[in-house]
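The values are calculated or read from the model by the stated rules, or taken from the named source; none is laboratory data. The shown structure was predicted, so the numbers you read here are calculated from the model rather than taken from an experiment. Virtual Cβ from ideal backbone geometry, glycine too; neighbours counted across all protein chains shown. Accessible surface is based on the protein model in full, side chains and every heavy atom, while ligands, DNA and RNA are left aside. Shrake-Rupley method; radii C 1.70, N 1.55, O 1.52, S 1.80 Å.
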Amino acid sequence: MEKKVKTRELTKAEKQRKEFFEAESEKLVAQGYERNDLTFGVVEANVWAIVVTLPLIIPFLLAYRVMWGKEWTVLPWWGYFVGMLFFIVFIVVHELIHGAVFACFAKDGFRSVAFGVIWSMLTPYCTCRESLKRKHYMLAILAPTVVLGILPAAVALAIGSRWILYLGILMILGGGGDIMCAIKLGTYRTKGKECLFFDHPYEVGLAVFERLKES
């Protein structure tokens, strides 16, 4: 007996974006483009996010210990509370950075950008309905992790701040899904001369349209 795959119920906004995206997809396929989805499920992305961020996090922790000789001591109870508040604020800023970079390269700017939260997974998101160049899409998905995660962690090493280091590490973890997308996009080999990169309207990842023949 074939096992049924449980799918996530889309929100009204996601359904509208899906309809728009599928209509655009049909037009592009009719013009000779081939569609390839480079996507992950939300649960899969959250699980693998930890794995793909470890190669970044571990070197920062080891470097901090070597450079400053400080123990990774447990924070006081209020430290976790304060840290969580900063984490929530930075997650919002994370999505705003996505949106700002998308808007920089989208013809319609912020009118092509949408924000939301998948409440069943407690996962905020930002998406862009316009196609982008590969380098622009890569910049848009990695910018928040670099600005809020890698740079603060580097500053923490320079000044010996355990608090900034932990916050930077949290934001690197928060960008795990983006790093997964960047890896998938970076290892994807295009076959067509003309390629369009669309942020997927309701999954983690993107869709690549390659023109393989003349319409």
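Apart from one condition, residue 124 fits all of (1) of a type outside the set (Asp, Glu); (2) modelled with pLDDT of 90 or more; (3) open to solvent by less than 50 Å² (accessible area, probe 1.4 Å); the exception is (2). Scanning segment 52-63 for any residue that is among the polar types (S, T, N, Q) and either at pLDDT below 90 or surrounded by fewer than 11 Cβ atoms within 10 Å (Cβ to Cβ) (or both) turns up nothing. Which residues, taken from segment 64-89, are open to solvent by 70 Å² or more (accessible area, probe 1.4 Å), closer than 26 Å to residue 124 by Cβ and at pLDDT 80 or above? Those that are open to solvent by 70 Å² or more (accessible area, probe 1.4 Å), closer than 26 Å to residue 124 by Cβ and at pLDDT 80 or above: 81, 84, 85, 86, 88, 89.
Kindly evaluate residue 204 against the criterion of being open to solvent by 10 Å² or more (accessible area, probe 1.4 Å), over 11 Å from the mean Cα position of the chain (by Cα) and over 16 Å from residue 34 (Cβ atoms).
In short, no.
Restricting to segment 25-38, give me the number of residues that are assigned to a helix (DSSP H, G or I) and more than 23 Å from the chain's Cα centre (by Cα). Explain how you work it out, then say what you get.
Going residue by residue through segment 25-38, those that are assigned to a helix (DSSP H, G or I) are 25-30.
Subset that is more than 23 Å from the chain's Cα centre (by Cα): 26-30.
Result for segment 25-38: 5.
Quick one: in segment 141-195, which of the residues that are more than 19 Å from the chain's Cα centre (by Cα) and among the aromatic types (Phe, Trp, Tyr) is nearest to residue 122 (Cα to Cα)? Looking at residues that are more than 19 Å from the chain's Cα centre (by Cα) and among the aromatic types (Phe, Trp, Tyr), I get 166. Once segment 16-33 is narrowed to residues that are over 18 Å from residue 206 (Cβ atoms) and touching a residue at least 24 places away in the same chain (Cβ under 8 Å), the residue that is surrounded by the most Cβ atoms within 10 Å (Cβ to Cβ) is 32.
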